[in-house]
Amino acid sequence: MNSMKKQTLCVLAAMICAAQQANANHPDSVYIATYANSPKAGLHVAYSSDNSRWIGIGDNYDFVKSDFGAWGSQKQMFAPSVLKHDGVWYAVWGVNTDKRQFATTKSSDLWLWKPQDYPYMDVPEVLEPVLSREGDEFVVMFKTADGSVYKTVSRDFSHWSKAAKIDNADYISQKQSISVGGARVEADVNRVPWQFVNSLITNVDAAAQRYARECERMTDDASRFAKVNDIKAFLKPDANNSKAISNNLIGIFFEDINYAADGGLYAELIQNRDFEYSEGDNRREKWNAKTSWTLEGDGTEWSIVTDNPLHANNSHNSLLKTEKVGARLVNSGFDGIVVKKGEKYDLSIFFRSKDAHKVRVSLREGDKTLASTVVSLKSGAQWKQYGAVLVPSASAEKAVLAIEPMQKGELQLDFVSLFPQNTFKNRKNGMRADIAQILADMKPRFVRFPGGCASHGNGIENIYHWKHSVGKPWERKGDFNIWNYHQSRGLGFFEYFQFCEDIGAEPLPVLSAGVPCQNSSRGGRDGKNDGQQGGLSMDEMKDYLQELLDLIEWANGDAKKSKLAAMRAEAGHPKPFNLKYLGIGNEDLISDVFVERYNYLCREIRKAHPEITVVGTVGPFWEGSDYEEGWKIAKQEKLDIVDEHYYNQPGWYLNNHNFYDKYDRNGTKVYLGEWASKGNKLENALVEALHLTNVERNADVVVMSSYAPLLAKEGHTQWNPDLIYFNNSEVKPTANYYVQALFGQNSGDEYIPADVDLRFKTDRSNRVSRSDVMRRIGTSVVRDSKTGDVFVKLVNCLPEDVTLTVDLNDIIKVETIKSGKNKTLGASNYYLDADYTVLTGNIAEGNQKPTSGTAKVNSESDDFSLEYTMPKYSFTVIKLVKRK
Ligand code: AHR
């Protein structure tokens, strides 16, 4: 939990308790027990004044949960052993029945725990670890399945000795059997001051209250706001006190999740074009080199071979042996191939054939041939690329591509590609125009790629290496995707950078810190060293650092002087890409293994390239141990920016207005790299708009933000909700999308503070003082210093319309001075119109689209104001465009 928040809650709750309990007859000290009652739960705590009757704190509250391994199958805590030493609570536990690791963590208050580590033991498995002290060392004794007992020791609770076999009789556990809430558990028992237990009770109660607030939903508003109506709001922007804010606030985070790349943004129409799919891509569906291909008809034998590969990174290809003409190899694309009548499609296939051969390649739907070409193969031992342009005679939703040998004999084929010529900006190997366009329409200031979890990967072998994604498409190294499918990497770093340039956004590559995802289900090099503990060794880290330095060189180097930069030029971009940001790590567990690698990379990259802003990471939540430790490192290392992530319920956003107002204005900045409110209803879109008004107010600290995930193909979603859904022929932006787009399209680099004054219309002297009502109104006024345009953003999360007056006098006055005029000329001389765009509707539904209109500007007697009614449940942007 965020320590500041925790402190505030604790102080509040402690004051209440102190008042109620000042004279209560509590013992000075009590017994405290730590235990677990099921592997999927966490560490529980109970207390007792007599070591006999035990009272659990919270309703089975998890004081710490295991963070080991993949969600679902792992994250288990077996037999925790807790030791109190020198005022610190040290804990170890078993992480599974077949793992060679145990978990370690510590805490000074049993509340905030150090991010966990998982020391690796060279034994078949680690079971029932027991923690004790011997002299100045920590000792962990554990069992293996065959009944043997081992011991490992550590002075610092971080570096552990090699496991040594010991006598079974030496394995001693101090655990006591106690009964809590009717269940018998094995617990470690200590004695602590009553105040210690009291503060835990207070913390758990505060967490429960906070959780209750986070459950606030707009569907309950009828009763919550029954007496709230007839509200008038006054907004008084104070242009004299504007502050500079980031002009990079709204960006996008592209990750290959939900088929966002292959079958999505990447315009390639052939699935498994290189026959490189394998079972590891999707074990449930048993994908293989033939996935998405079928052989129709008789007379031809089809096999997958690996001899004479087209490229070392593309080792599988298809061998067709034809005895009798008539069969064809058919690719069904990604749920079928969509083609449009009269449009041009670039076909490319590599063939290798001893004898000259003729092959017919056609686009078909059912029995209908939509386009067809005959490829004449030359004889020879080498692979040759053949191309043609196919122009369908009719449009189709579910076409297939058929490759049909026209004579007897053998041929090999590989890398079958069909690309619409109509890609975004007509780029070769480019992006699907409609999806790319809707992203461009958001006017994102940056694009983060390639992940997310796809960056740090599922296990060490799956870490994303940018070099595997550049070069000729058939030379790239595909891999399984952590989201359970295949990544061809046809959409690679060159394409990402090119796209950024095409839409005027900064590229923000985010790459692994040398460790895989902490939720990895796969092991390290020996297959048993799961999660981050199976990260790259520090020896390997030298090469990995070089790989990241090479990326900077590739992106920014002089093509005449540098080989890497020359690769970029050869791919089609002689000028540097002007990379400014590089992210290291993705919401990682801030374990010892991670910290060693992360600090090494951040320090070395910043040393070698002070011109690059390194973006660090602070865990997956807005509070808790990774957040605290991540921020500690950010401050120690004076990092420029760190990446925060949170996916919270709408109620969190309704109740956390001031989340960033508490942040240090002069320290490390924030990139809110992944966030969303768990839904695609208007309610979600509105709380996101509300949050963005709060973020925009703090955009001197929060310098970048991106909603996540961005894209999802219908029928292939691993994560819901997403910002934009699509299928093969349609793109479907959500209400959440329009919020992001309206912020992106109406951004400024100056924030004009503006107090909102809420009054009851019928009695204007009566100020609305209910904080839950006030929290439901969000406003933000920003100015674009280049154009002088001013944008007023208004969020009304109340079930009532709210009439609003915006006092424009200060804005006009300051604009007059900035324009060098010596008298006030009136609103109409500065702002021709006040067009607004509004998103509103039924909060329980989604898919609303914004509508627009014009608000009234009053400019009588040099008194300038704007009148507008904020519809109930709405987000509005009013644009004051400066007369040019
Ligand atoms: O946005 C989806 C996933 O959420 C990202 O890959 C990961 O970083 C986070 O857990």
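The values are calculated or read from the model by the stated rules, or taken from the named source; none is laboratory data. This is a predicted model, so every value here is computed, not measured. All Cβ positions, even for glycine, are placed from backbone atoms using ideal geometry, and neighbour counts span all protein chains on display.
For the residues Leu377, Leu320, the requirement of being touching a residue at least 40 places away in the same chain (Cβ under 8 Å), over 18 Å from Glu268 (Cα atoms) and touching a Phe, Trp or Tyr at 6+ places or on another chain (Cβ under 7 Å) singles out Leu320.
How about the stretch 91-100: which of its residues are surrounded by fewer than 20 Cβ atoms within 10 Å (Cβ to Cβ) and touching a strand residue (DSSP E or B) at 6+ places or on another chain (Cβ under 8 Å)? Across the stretch 91-100, the qualifying residue is only Thr97.
Quick grid of which residues meet (1) within 21 Å of Glu714 (Cα to Cα); (2) in a loop (DSSP other than H, G, I, E, B); (3) touching a Gly at 6+ places or on another chain (Cβ under 6 Å):
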{"position": "Arg273", "(1), (2), (3)": "no, yes, no"}
{"position": "Arg284", "(1), (2), (3)": "yes, yes, no"}
{"position": "Ser303", "(1), (2), (3)": "no, no, no"}
{"position": "Asn308", "(1), (2), (3)": "no, yes, no"}
{"position": "Ser318", "(1), (2), (3)": "no, no, no"}
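Restricting attention to the stretch 518-527, does a residue exist that is crowded, with 24+ Cβ neighbours inside 10 Å and under 20 Å from the mean Cα position of the chain (by Cα)?
Just the residues of the stretch 518-527 that are crowded, with 24+ Cβ neighbours inside 10 Å, to begin with: 518, 520.
Still in the running and under 20 Å from the mean Cα position of the chain (by Cα): 518, 520.
Taking every residue of the stretch 518-527 in turn, at least one turns out to be crowded, with 24+ Cβ neighbours inside 10 Å and under 20 Å from the mean Cα position of the chain (by Cα).
Of all residues in the stretch 643-665, those that are closer than 20 Å to Ile777 by Cβ have Cβ atoms under 7 Å from Cβ atoms of residues that are β-branched (Val, Ile, Thr) and away from the ligand (no atom under 16 Å from the Cβ), 6 or more apart or on another chain, in Pro650/Val687; Tyr653/Val687; Leu654/Val687; Tyr660/Val695; Tyr660/Val701; Tyr660/Val702. The strands (runs of 3 or more DSSP E) found wholly in the stretch 841-884 and carrying at least 2 residues that are among the β-branched types (Val, Ile, Thr) occupy 851-854, 874-882.
From Asp414, Asp441, Asp434, grab the single residue that is more than 16 Å from the ligand (Cβ to nearest atom), acidic (Asp, Glu) and crowded, with 22+ Cβ neighbours inside 10 Å. Walk me through how you get there before you give the answer.
Working: Asp441 fails: crowded, with 22+ Cβ neighbours inside 10 Å; Asp434 fails: crowded, with 22+ Cβ neighbours inside 10 Å.
Being more than 16 Å from the ligand (Cβ to nearest atom), acidic (Asp, Glu) and crowded, with 22+ Cβ neighbours inside 10 Å holds for just one of Asp414, Asp441, Asp434, which is Asp414.
The residue of the stretch 444-469 that is nearest to the chain's Cα centre (by Cα), among those that are away from the ligand (no atom under 14 Å from the Cβ) and closer than 18 Å to Asp502 by Cα, is Val447.
Kindly list, by first and then second residue, each pair from a residue in the stretch 618-640 that is among the acidic types (Asp, Glu) to a residue that is in a loop (DSSP other than H, G, I, E, B) and within 14 Å of the ligand (Cβ to nearest atom), limited to pairs with Cβ atoms under 7 Å and residues at least 6 apart or on different chains. Within 7 Å, the pairs are Asp626/Leu589; Asp626/Val618; Asp626/Gly619; Asp626/Pro620. Against the numbered list (1) at pLDDT 95 or above; (2) surrounded by 13 or more Cβ atoms within 10 Å (Cβ to Cβ); (3) assigned to a loop (DSSP other than H, G, I, E, B), Gly788 comes up short only at (1). When Ala356, Ala388 are checked against the criterion of being more than 22 Å from His486 (Cβ to Cβ), among the hydrophobic types (A, V, I, L, M, F, W, C) and exposed (fewer than 15 other Cβ atoms within 10 Å of the Cβ), Ala356 stands alone in meeting it. Looking only at the stretch 436-476, which residues are at pLDDT below 95, acidic (Asp, Glu) and either touching a helix residue (DSSP H, G or I) at 6+ places or on another chain (Cβ under 6 Å) or in a loop (DSSP other than H, G, I, E, B) (or both)? The answer is none; no residue qualifies. With respect to (1) over 35 Å from the mean Cα position of the chain (by Cα); (2) more than 30 Å from Lys761 (Cβ to Cβ); (3) exposed (fewer than 15 other Cβ atoms within 10 Å of the Cβ); (4) of a type in the set (A, V, I, L, M), the lone exception for Ala163 is condition (3).
Residues that are touching a strand residue (DSSP E or B) at 6+ places or on another chain (Cβ under 7 Å) and not aliphatic (A, V, I, L, M) were ranked within the stretch 798-810; the one that is surrounded by the fewest Cβ atoms within 10 Å (Cβ to Cβ) is Thr803. Of the residues making up the stretch 520-528, none is more than 16 Å from the ligand (Cβ to nearest atom) and modelled with pLDDT of 95 or more.
Consider Gly531 carefully, then state whether it is within 16 Å of the ligand (Cβ to nearest atom) and over 30 Å from Asp122 (Cα atoms). So that I can check it myself, show each step before the final result.
On the way: within 16 Å of the ligand (Cβ to nearest atom): yes; over 30 Å from Asp122 (Cα atoms): no.
No.
Out of the residues in the stretch 726-768 meeting the condition of being at pLDDT 95 or above and hydroxyl-bearing (Ser, Thr, Tyr), tell me which one is nearest to Asn241 (Cα to Cα). Across the stretch 726-768, the extreme among qualifying residues is Tyr751.
Scanning the stretch 225-254 for residues that are within 16 Å of the ligand (Cβ to nearest atom) and in a loop (DSSP other than H, G, I, E, B) yields Gly251, Phe254. Suppose we keep only residues that are touching a residue at least 40 places away in the same chain (Cβ under 8 Å) and assigned to a helix (DSSP H, G or I) within the stretch 417-431. Which one would you say is farthest from the ligand (Cβ to nearest atom)? Going through the qualifying residues, I end up with Lys425. Within the stretch 454-471, residues that are farther than 13 Å from Leu551 by Cα and among the β-branched types (Val, Ile, Thr) have Cβ atoms under 8 Å from residues that are within 14 Å of the ligand (Cβ to nearest atom) and part of a helix (DSSP H, G or I) in these pairs: Ile463/Ser455; Ile463/His456, counting only partners at least 6 apart in sequence or on another chain. If you go through the stretch 103-152 and keep only what is surrounded by 16 or more Cβ atoms within 10 Å (Cβ to Cβ), part of a loop (DSSP other than H, G, I, E, B), of a type in the set (A, V, I, L, M) and free of Cβ contacts under 8 Å to residues at least 60 places away in the same chain, you end up with Met121, Val123, Val126.
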